[in-house]
Ligand SMILES: [Mg+2]
C-alpha cells in the first residue's frame, strides 16, 4: 500500500466511526504462532475413526475419535458435500488414521503432498473437515476455546452484513440494509457489483452505476461500505468502477478481476486509492505467497474451509502479517465457517475490521448447530468453547448419510 492509500485506510476507518488503527494494534498481544508452536506436541493418542455426515450437496460434517475416547467435530467446505465425503474417505482418511492429533500441521501437509496429483479444490474441501475437527478435539482436550488455544479471548466481534444478491434492485437492497442497520446495529455492509465472472457485463445494464450511490445515500456516511465483483472485470473496467466507489467513500473492492489473473488484480490495486481485497478461492499457499509479495491485494481473505482448514488459514494470515496486511477471512454463509472465522479473528494480530456475516436466509444453514449466532449492536460473540463452542444438531446428524473409516 503506498502512503496515499494508507492515509485513505486510516481516514476511512475514522469516518466510519468504527474500529481504528489503535484497535487493530491492541490485538497484538495475541501470539497465535507461538500458541500453535506450543500446541504442536504429541498427545500420546491416535486417531482411530473418521466419520462424515452429509445430507446431499450443501454441507457435511466430520467427527474424529482418538483411542482414548476424545472426539472433535468439524465441517467440510459447503457445496458438493457428498463428493467431498467420498474423496475424504478414499484419499485422506488412510493418511490420517493412526496419526497423533498433536501432529495437526504434519497431517495437513501430508494430505496435500501425498495427493500431489490431485491438488487443491476437493482435497482442501475434505481436509478442512478433518482439520477443523482436529482443532475442536484439541480445544476439548485442553478445555479451551479454539480462540484461546490461539492466544485470543472469546468476545463480541464486529460483523459486516454481506449481501449475496445480484437479482435485487438497488432501491430494494438499500431498504433491507437500512433495516438491518436500524434493527441489529450493523455498521458495515458488502454489496455485489457487476456479474459473476461477467467479462465486464453488469447483471443488467446500469445496475452497478445505480447501486453504488443509492446504497451510500440510504445508509449514510457513518456506515462502512464494500463491494464484491466476483471476478467480473478487466483491469480497465475495474478501475472505472473502483473510482466511482471511491467518490462515494467505499472501503474495498473485492475480487475485481478473474481471481486467477493476479497481475490484473495488482494493476487495479495500484491504480486505486481504495483497497482491493481478495483470495477466497485460493487454496495453494505458494500462490498466496505470490499474491502477497506482488501486492495484488491490500486485504487478504482466505476462506478457512476452501483453503483446507484453520491450520492453513493461519499460515496465510501469518504471511499477511509479515507483509503488514490485514486478514479478513471469507465466511459467506452461516455454517461452521463463520464460527471458525470468529475464533480466528479474535486471535490473530492482523485481524481486519469486521467478520463477514451473511444476511441471506440460505435455508440449508438453519438449525445446523447450537447456540445460534446472534447479531447484537452489530457484533456477534465468539462461542465460548471448549473447541468451537457449538454443538452440531444431533437431529441433523441422525438424518444424514454417515460414512466411516476406521483404524483396523
Ligand atoms: Mg467474494
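The values are calculated or read from the model by the stated rules, or taken from the named source; none is laboratory data. Quick caveat: nothing in here was measured; it's all calculated off a predicted structure. Every residue, glycine among them, receives a Cβ derived from its backbone with ideal geometry; neighbour counts consider all protein chains shown.
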- When (1) away from the ligand (no atom under 15 Å from the Cβ); (2) surrounded by fewer than 18 Cβ atoms within 10 Å (Cβ to Cβ); (3) under 28 Å from residue 78 (Cβ atoms) are applied to residue 209, the one that fails is (3)
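For the range 295-303, does any single residue satisfy the condition of being more than 16 Å from the ligand (Cβ to nearest atom) and closer than 28 Å to residue 118 by Cβ?
So in the range 295-303, the residues more than 16 Å from the ligand (Cβ to nearest atom) come out as 295.
If we keep only those that are closer than 28 Å to residue 118 by Cβ as well, we get none.
Among the residues of the range 295-303, not one is more than 16 Å from the ligand (Cβ to nearest atom) and closer than 28 Å to residue 118 by Cβ, which makes the answer no.
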- Item | Any chance residue 404 is outside any loop (DSSP other than H, G, I, E, B), in contact with a strand residue (DSSP E or B) (Cβ under 6 Å, 6 or more places away or on another chain) and farther than 27 Å from residue 93 by Cα | no
- Message: Contact list please: Cβ distance under 8 Å, first residue in the range 224-236 and farther than 18 Å from residue 196 by Cβ, second residue modelled with pLDDT of 95 or more and within 10 Å of the ligand (Cβ to nearest atom), pairs at least six apart or on different chains.
- Response: 225/190
- Among what's in the range 379-388 and is within 18 Å of the chain's Cα centre (by Cα) and part of a loop (DSSP other than H, G, I, E, B), pick the residue that is farthest from residue 61 (Cα to Cα). 382
- Query: If we scan the range 345-353, do we find a residue that is away from the ligand (no atom under 14 Å from the Cβ) and without any contact (Cβ under 8 Å) to a residue 40 or more places away in the chain?
  - Reply: no
- Message: If I go through the range 90-120 residue by residue, how many of them are surrounded by fewer than 17 Cβ atoms within 10 Å (Cβ to Cβ), out of contact with any helix residue (DSSP H, G or I) (no Cβ under 6 Å at 6 or more places or on another chain) and in a helix (DSSP H, G or I)?
- Response: 5
- When you go through 323, 313, 286, 332 one by one, which is the residue that is surrounded by fewer than 24 Cβ atoms within 10 Å (Cβ to Cβ) and either within 14 Å of the ligand (Cβ to nearest atom) or under 12 Å from the mean Cα position of the chain (by Cα) (or both)? 332
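Of the residues 235, 256, which single one is in the same structural domain as residue 307 (by TED's automatic domain parsing), buried (at least 17 other Cβ atoms within 10 Å of the Cβ) and within 16 Å of the ligand (Cβ to nearest atom)?
Values: 235 fails: within 16 Å of the ligand (Cβ to nearest atom).
When all the criteria are applied, what remains is 256.
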